Amino acid sequence: MSTLASEEYVMDVALVMGGFAAPALVKHGVENKMGKDLPDEAYGLTVAAGGAVYGGAGRKVAIGGGVHTLEALRTRVMEGN
């Protein structure tokens with residue numbers, strides 16, 4: 001229980017979840033503001049690459065972006081989108 005309540009653990013989870021959610025913000029900016037239409041995997045890869053290049057805490061964001069990419073790819077394959 002002490003691990004779940006630790007501030008460091010909560011921050012790690014927040015960074016990973018932020019990386020998972022960030023591609024939706026990137027997608028909004030690219031598709032709605034710039035008029036481009038890219039596959040969802042591209043947005044996840046963008047966040048994953050940005051987090052990996054940033055390093056440090058950005059690596060946790062990169063994990064979330066990677067999970068988003070895999071989930072988008074799974075959705076495309078399983079649901080045929």
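Considering segment 5-44 alone, what residues qualify as being open to solvent by 100 Å² or more (accessible area, probe 1.4 Å) and over 21 Å from Gly58 (Cα atoms)? Step through it out loud before you land on a result.
Filtering segment 5-44 for residues open to solvent by 100 Å² or more (accessible area, probe 1.4 Å) gives 7-8, 11, 17, 25, 32-34, 36-37.
Listed by number, the residues that qualify are Asn32, Lys33, Met34, Lys36, Asp37.
Sort through Tyr43, Tyr54, Tyr9 and tell me the only one that's on the phi < 0 side of the Ramachandran plot and more than 17 Å from the chain's Cα centre (by Cα).
Criteria check complete, one pass: Tyr9.
Name the single residue, out of those in segment 33-81 being in contact with an Asp or Glu (Cβ under 9 Å, 6 or more places away or on another chain) and basic (Lys, Arg), that is farthest from Asp12 (Cα to Cα).
The qualifying residue farthest from Asp12 (Cα to Cα) is Arg76.
Does Thr75 meet the test of being buried (at least 18 other Cβ atoms within 10 Å of the Cβ), in a helix (DSSP H, G or I) and not small (Gly, Ala, Ser)?
On the way: buried (at least 18 other Cβ atoms within 10 Å of the Cβ): no; in a helix (DSSP H, G or I): yes; not small (Gly, Ala, Ser): yes.
In short, no.
Filter the helices (runs of 4 or more DSSP H) completely within segment 1-57 down to those with at least 2 residues that are touching a residue at least 40 places away in the same chain (Cβ under 8 Å).
7-27
The values are calculated or read from the model by the stated rules, or taken from the named source; none is laboratory data. Fair warning: this is a prediction, and the values are worked out from it, not measured in the lab. Counting neighbours? That spans all protein chains shown, and the Cβs are built from the backbone with ideal geometry, glycine included. What goes into the accessible areas is simple: the full protein's heavy atoms, side chains included, and nothing from ligands, DNA or RNA. Shrake-Rupley method; radii C 1.70, N 1.55, O 1.52, S 1.80 Å.
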